[in-house]
Amino acid sequence: MSTGFPGFSAEAMTFFRGLARNNKREWFLPRKPVFEEHVKLPMHRLVEIVNGSMKSFAPDYVTEPARAVYRFYRDTRFSKDKTPYKDHIAASFHHRGLAGKGGAGYYFAVSHKEFAVGGGVYMTMPETLLAIRQHLAENHAEFRRIVKSATLRRLLGEMQGEQLSRVPKGFSTDHPAAELLRYKQFLFYVELPAEMATKPTVHSEIVKRFRAMAPFMDFLNAALPREKRKLDPRELFG
């Protein structure tokens with residue numbers, strides 16, 4: 001299916017290669033119009049197109065571009081690395097109905113080095129991680145079926161994530177899901193050739209991987225509390 005998105009331009013890749021060698025404000029500012037035209041605006045357009053496809057399999061994750069696309073400017077206040085700009089542009093899509101933050105989300109990123117697609121739980125609050133582990137402990141057979149999906153593994157490989165050296169406190173060491181409960185992160189992530197982002201098929205490459213991850217995302221987020229929806233009086237009285 002044609003989306004009208006041609007892929008990121010050669011100018012975008014040239015911009016990223018130049019930034020990798022000259023990550024300085026003095027270099028970036030004269031080239032900001034190139035960034036806006038060939039990197040930022042196409043990224044926003046691609047997010048819009050991905051959103052359109054997600055409506056059919058992950059409607060609760062649809063995120064407007066202004067919120068989905070990460071800031072390109074790095075926060076250097078607490079970092080030894082003082083380079084002011086990121087070396088890639090990225091977007092994430094999180095469940096709109098969750099109360100608070102930290103649930104599983106979809107992700108993709110573009111640079112001259114690689115085109116990355118992934119999703120899951122990367123950094124989260126202790127209470128969120130506990131809720132996911134409890135859900136996993138009670139439904140580990142279902143989870144194993146999800147992560148062993150042939151399509152998921154073909155498109156994104158095996159599940160990744162940092163792990164504890166032992167089963168966390170509160171769970172039995174002989175639990176049948178002991179090796180899964182040790183995970184602190186639950187991720188699927190793949191780095192693909194950067195050239196893929198320059199082709200019109202970039203949208204379909206993202207969407208087919210997002211679609212493959214949908215059961216994984218829904219399982220992780222099923223454990224988390226939803227926001228309380230304000231009831232419209234019309235729902236009561238017609």
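Scanning for something open to solvent by 30 Å² or more (accessible area, probe 1.4 Å), in a helix (DSSP H, G or I) and not hydroxyl-bearing (S, T, Y), does region 80-96 turn up at least one residue? No, region 80-96 has no match at all. Taking the criterion of being within 30 Å of T3 (Cα to Cα) and open to solvent by 70 Å² or more (accessible area, probe 1.4 Å), the residues of region 159-192 that qualify are Y189, E191. If you go through region 99-142 and keep only what is part of a helix (DSSP H, G or I), in contact (Cβ under 8 Å) with a residue 60 or more places away in the chain and farther than 21 Å from K169 by Cβ, you end up with just E142. Examine region 62-78 for a residue that is more than 22 Å from R211 (Cα to Cα), out of contact with any His (no Cβ under 6 Å at 6 or more places or on another chain) and buried (at least 17 other Cβ atoms within 10 Å of the Cβ), and state whether such a residue exists. Yes: one or more hits.
Considered as a group, the residues in region 6-51 that are open to solvent by 10 Å² or more (accessible area, probe 1.4 Å) and of a type in the set (A, V, I, L, M) include one that is nearest to A66 (Cα to Cα), and that residue is L41.
When region 187-212 is filtered for residues that are hydroxyl-bearing (S, T, Y) and either within 21 Å of K55 (Cβ to Cβ) or free of Cβ contacts under 8 Å to residues at least 12 places away in the same chain (or both), the ones remaining, listed by number, are T201, S204. Given the structure, is V207 surrounded by 13 or more Cβ atoms within 10 Å (Cβ to Cβ), in contact with a Ser or Thr (Cβ under 9 Å, 6 or more places away or on another chain), at negative phi and not acidic (D, E)? Yes; evaluated as a whole, the condition is true for this residue.
The values are calculated or read from the model by the stated rules, or taken from the named source; none is laboratory data. Because the structure is predicted, anything quoted here is derived from the model rather than measured. We place every Cβ from the backbone using ideal geometry, glycine too, and count neighbours over all the protein chains shown. The area values use the complete protein model at the heavy-atom level, side chains included, leaving out ligands, DNA and RNA. Shrake-Rupley method; radii C 1.70, N 1.55, O 1.52, S 1.80 Å.
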